[in-house]
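Chemist: Please find one structure pasted underneath; my questions will follow.
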Amino acid sequence: MTVPHPPGAPPQRINYAQTLSLATKREILFGVLLGLFLSALDQTIVATAMPRIAADLNGLNLYAWVTTAYLLTNTALVPIYGKLSDLYGRKPVLMVGILIFLLGSALCGLSGEAFLGNLFGGGMMQLVVFRGLQGIGAAALGSVAFAIVADLFEPAERPRYQGLFGAVFGLSSVIGPLLGGFLTDQISWRWVFYVNLPLGLIALAFIASKMPRLASGLQ
């Protein structure tokens, strides 16, 4: 039986750390870590391909902006996504973030293609703009991931699981440059962005099927 919430009364908190089973928590955490790995890998894999990208798109003067645009939008939107996830739940905000990130990844891979013409002024400027779009999505992956750990686990347990986030960034710093170099040399630099698509779709499907709404502990 559901107890009605009296009008004007403080919202009743849901203690997900106690109500969810450990197996469910680990499934949720796996999906979140997969999304976070996607964001962390993107930062390291692109750096390896940047010299080739700048040469192909004839945009050495905008070289630094490819990274700066991503970091600016990412950093600026972290607190906004945190507030939105408090209001509307972690799951929908995280899924929207992944979708925006994947859209940005696909557009980054298409930068400089003939059908885009002189949109935004040319290939390298297109890449800068689309990297900014990627950063908008990646901000949700980082901010919501840390909030989810706080929702799922008691304070004494949190450091153990937050340590997995550090492991994800460490793993991406090893795999990213190697994978970026391989894709750039053997296939095309465009695949350093396209590789995000299958990984992101897996993360999205996992989160959609396994993760509850996690409405910031409010019922």
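Chemist: In contact with a helix residue (DSSP H, G or I) (Cβ under 9 Å, 6 or more places away or on another chain), over 22 Å from Gly31 (Cα atoms), surrounded by 15 or more Cβ atoms within 10 Å (Cβ to Cβ) and modelled with pLDDT of 90 or more, is that true of Gly122?
Modeler: Against the criterion (in contact with a helix residue (DSSP H, G or I) (Cβ under 9 Å, 6 or more places away or on another chain), over 22 Å from Gly31 (Cα atoms), surrounded by 15 or more Cβ atoms within 10 Å (Cβ to Cβ) and modelled with pLDDT of 90 or more), Gly122 does not qualify.
Chemist: Of the residues in the stretch 98-119, how many are open to solvent by 10 Å² or more (accessible area, probe 1.4 Å) and closer than 23 Å to Gly82 by Cβ?
Modeler: Going through the stretch 98-119 one residue at a time, the tally reaches 4.
Chemist: Being open to solvent by less than 50 Å² (accessible area, probe 1.4 Å), of a type outside the set (A, V, I, L, M) and farther than 24 Å from Pro177 by Cβ is the requirement here; does Tyr88 meet it?
Modeler: For Tyr88, the condition - open to solvent by less than 50 Å² (accessible area, probe 1.4 Å), of a type outside the set (A, V, I, L, M) and farther than 24 Å from Pro177 by Cβ - is not met.
Chemist: Can I ask one more? Please note which helices (runs of 4 or more DSSP H) are completely contained in the stretch 146-219 and include at least 3 residues that are out of contact with any Gly (no Cβ under 9 Å at 6 or more places or on another chain) and crowded, with 19+ Cβ neighbours inside 10 Å.
Modeler: Here the list reads 158-186.
The values are calculated or read from the model by the stated rules, or taken from the named source; none is laboratory data. Computed from a predicted structure; not experimentally measured. All Cβ positions, even for glycine, are placed from backbone atoms using ideal geometry, and neighbour counts span all protein chains on display. Ligands, DNA and RNA are excluded from the accessible area calculation, which covers all protein heavy atoms including side chains. Shrake-Rupley method; radii C 1.70, N 1.55, O 1.52, S 1.80 Å.
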